[in-house]
Amino acid sequence: MNGPIKNVDSITAQQLWFTGPEQLEVRSVPLAPPGPGQLRVKTLCSAISAGSEMLVYRGQLPEEMSLDASLQTLQSAATYPLQYGYACVGEVVDTGEGVDSAWVGQRVFSFQPHASHFVATAEQLTPVPDDVATESAVFLPNMETAVNLVQDGAPMLGEQVIVVGQGVVGLLLTGVLALHPLSALYTFDTLEKRQQQSLALGARASLSPLADLSELQSQSLQGKGADLIYEVSGVPDALNLAITLSGFDSRIVIGSWYGNKSAAIALGAQAHRNRLKITTSQVSTLASALSGRWDKTRRFELAWQMIRRLQPQTLISHRRALNDAGSLYQLLHEGHADVLQAVFVYD
């Protein structure tokens, strides 16, 4: 039987480029046919990261760092012009020499910048399970981040846990934590829409950082502070709220990436005496204590399971074509209350 007919022609890909702070271009770039060991993918949708990606948009990345040393597609320096993005779901449309033609037609996830088409190796592609919707699959990086945060924080039976920040990562983290037998789960965010979504995912209460915290601290936390606090707001000063909500021997896990932003952190007074355990959590690696039995493949499998449980496509609030990128990023930049997860969709 003959295999599928390969597309041997070059095509024109539409690529999103960041050309300066708050400046974008959609460029038409010839994309050669896949070479030996390569596959060409037509993108179906790609998700915008309201955390690290907005640092790129605003020009808030440390220039001495690569975009992401762990991802082959993001190892360039953080200088303009550049491509960014790491949550693409597409369909393999043709393959180069030496690649099994069974890939053709397969839905795949890849850590790729926003573009209508791209060429990658098989090692850079993750097949999307048949029972996972395409728009759910774009949440794989954020769900893996949520899983990593839970593993790094190691919540225990009966603990009081707080999540500061209910963006997409914070909401997914809340949803995963709600599956645990905790004593209570509280969340904080400035936007009411996110607070309501947080309650729907299982938080006992969701509060504004500006709210009167006396009742929560004296009654719900019994004056002892929370056992475990996650800071995933992306706002450096929010770490002070986490410290305020902590007590003796509390654990604070920082999942935010602040870029070149900083803030004065109140580690004096009671915080100094409380023997706080403050750790950073980043999804590129696994905690040393887990590496004996866990690897990235096993954690991906768990992330897919959590995607099936939580159905995160319900968090998508905006779907736009790549040509509408300028207006969409500006909405995110201005912090519009109705924007939760924004995705690009491709014809």
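The values are calculated or read from the model by the stated rules, or taken from the named source; none is laboratory data. Since this is a predicted model, take the numbers as computed values, not measurements. Counting neighbours? That spans all protein chains shown, and the Cβs are built from the backbone with ideal geometry, glycine included.
If I filter the stretch 176-195 down to residues being over 20 Å from the mean Cα position of the chain (by Cα) and not acidic (D, E), which single residue comes out as surrounded by the fewest Cβ atoms within 10 Å (Cβ to Cβ)?
P181
Within the stretch 149-158, can one find any residue that is assigned to a helix (DSSP H, G or I), modelled with pLDDT of 95 or more and of a type in the set (A, V, I, L, M, F, W, C)?
yes
Given the structure, is G98 small (G, A, S), at pLDDT 95 or above and on the phi > 0 side of the Ramachandran plot?
yes
Rundown of residues vs (1) free of Cβ contacts under 8 Å to residues at least 60 places away in the same chain; (2) aromatic (F, W, Y); (3) buried (at least 24 other Cβ atoms within 10 Å of the Cβ), yes/no style:
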residue: F139; (1), (2), (3): no, yes, yes
residue: M143; (1), (2), (3): no, no, yes
residue: D152; (1), (2), (3): no, no, no
residue: P155; (1), (2), (3): no, no, no
residue: E159; (1), (2), (3): no, no, no
residue: V163; (1), (2), (3): no, no, yes
residue: G167; (1), (2), (3): no, no, no
residue: G170; (1), (2), (3): no, no, yes
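Does any residue of the stretch 268-277 turn out to be buried (at least 18 other Cβ atoms within 10 Å of the Cβ), outside the structural domain of A50 (by TED's automatic domain parsing), in contact with a strand residue (DSSP E or B) (Cβ under 7 Å, 6 or more places away or on another chain) and closer than 20 Å to L216 by Cβ?
Yes, the stretch 268-277 has at least one match.
Mind checking which residues of the stretch 272-290 are farther than 16 Å from E231 by Cα and touching a helix residue (DSSP H, G or I) at 6+ places or on another chain (Cβ under 8 Å)?
Within the stretch 272-290, L286, A287, L290 meet the criteria.
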